Structure formats: C-alpha cells, structure tokens
Amino acid sequence: MSNPFVLLETSEGDILIELFADKAPVTVENFLRYVDESHYDDTIFHRVIKNFMVQGGGMTLNMKPKPTREPIANEAANGLANKAGTVAMARAAGMDSATAQFFINVVDNASLDHKDATDAGYGYAVFGEVAEGMDVALKISKKRTRHFQGHDDVPVDPVALISAQRFEI
C-alpha cells in the first residue's frame, strides 16, 4: 500500500506532504482525521523560527486556538529523525501531549529526536516529509516575526494555511 499524501495550500504556495503510515500509524491517522474534518483550513503558521522550523495547525487567522481532540501517543521512537524537510507533531512539555499542531523542519534538528523514555528526552514524532514545496517552507521560515498576543515568533505578515486536503498521486 502506498503512503497517503496531503496538500497544504498556503498563502506562500503549496506544500505536498508524504505521510509515513507504516512508521507512525497513530500520528498519521490523527493528522488525516484533522485534515478530513477541515481543522487546518483557515489557520496560520503561527510559530516561525529561521534556521529551525515552521509550525501551524492550531491557531485561527486571528490567533485564537482551535479546539482539538484528546492528545495522542508520541511515536518519536519510530526510527525517523527530525531532518530538514520532515514533518513532525508539535507538543507541550508532556511526552504524550500532541494534538493537532505540526511543524516542518527547515534544517536538521537532531535535538528534537528521540533519546530516552523521559518527557524531556522522548522527542518529537516525525510522521511525514515534504515531497514538493520545500522552497515554500523555507520562504515561510524567513518571515520577519514578533511577539504577539502572548506568543513569540509570530510572522508580522500572517502566513495562512488556506486548506489541507488528501492528495492522490
């Protein structure tokens, strides 16, 4: 069975993501459920750090958090590394705290990889990779940012995630 794909239509261009259901089945199922429910439509990339990553999937265009389902199990121990171009789940301090937010690594981020079974060392679950549109992710990562409504690294000029939908190859 081939891997599923998701097309992210952003205000900066399209990003096509290949999902690794064999390596991160819980995470991919969770992500696709949010895609199918149109959760990501009309959200923004609200956290953008040059030479690190771009994060989205949780805030509306006016920086209001979107409601989410319960957190999922962290699959960071799946053997996938947070390398440039990979897609991983964002989470809070707790190991199993990821819900809907995700990020695209724009550089290799070994510090985010699974190291041990503690909250601090468990890492961030990689579940996909940019198949096309890495230039768009890099463009987003270079946006000028500011502190806004209690959040750091928010683009001065918002980067909209217009829609996320399954894509057939």
Restricting attention to the range 135-161, report how many residues are touching a strand residue (DSSP E or B) at 6+ places or on another chain (Cβ under 9 Å) and either assigned to a loop (DSSP other than H, G, I, E, B) or open to solvent by 70 Å² or more (accessible area, probe 1.4 Å) (or both). 11
Inspect all residues belonging to the range 29-42 and state whether any of them is of a type in the set (K, R) and over 17 Å from L161 (Cα atoms). no
Residue under evaluation S2, criteria (1) surrounded by fewer than 23 Cβ atoms within 10 Å (Cβ to Cβ); (2) over 30 Å from H147 (Cα atoms); (3) modelled with pLDDT of 95 or more, criterion not met: (3)
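Check every one of the strands (runs of 3 or more DSSP E) wholly within the range 33-134 and list those with 3 or more residues that are open to solvent by less than 70 Å² (accessible area, probe 1.4 Å) and more than 19 Å from F148 (Cα to Cα).
Values: elements: 43-49, 53-60, 86-89, 102-105, 126-132.
The strands (runs of 3 or more DSSP E) meeting that bar are 86-89, 102-105, 126-132.
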Determine whether the range 52-74 contains at least one residue that is among the aliphatic types (A, V, I, L, M) and in contact with a Gly (Cβ under 8 Å, 6 or more places away or on another chain). no
Are there any pairs with C-beta distances below 7 angstrom linking a residue in the range 148-166 that is among the small types (G, A, S) to a residue that is open to solvent by 90 Å² or more (accessible area, probe 1.4 Å), with the two at least 6 apart or on different chains, and if so which? A160/L61
Please list, ordered by first then second residue, the pairs with beta carbon atoms under 7 Å, 6 or more apart or interchain, first in the range 2-23 and of a type in the set (D, E, K, R), second part of a strand (DSSP E or B) and modelled with pLDDT of 95 or more. E9/I162; E9/S163; D14/L7; D14/L8; E18/F5; E18/G128; E18/E129; E18/A131
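The values are calculated or read from the model by the stated rules, or taken from the named source; none is laboratory data. This is a predicted model, so every value here is computed, not measured. For neighbour counting, all protein chains shown are included, and Cβ atoms are generated from backbone atoms with ideal geometry for every residue, glycine included. For accessibility, only protein heavy atoms count, side chains too; no ligands or nucleic acids. Shrake-Rupley method; radii C 1.70, N 1.55, O 1.52, S 1.80 Å.
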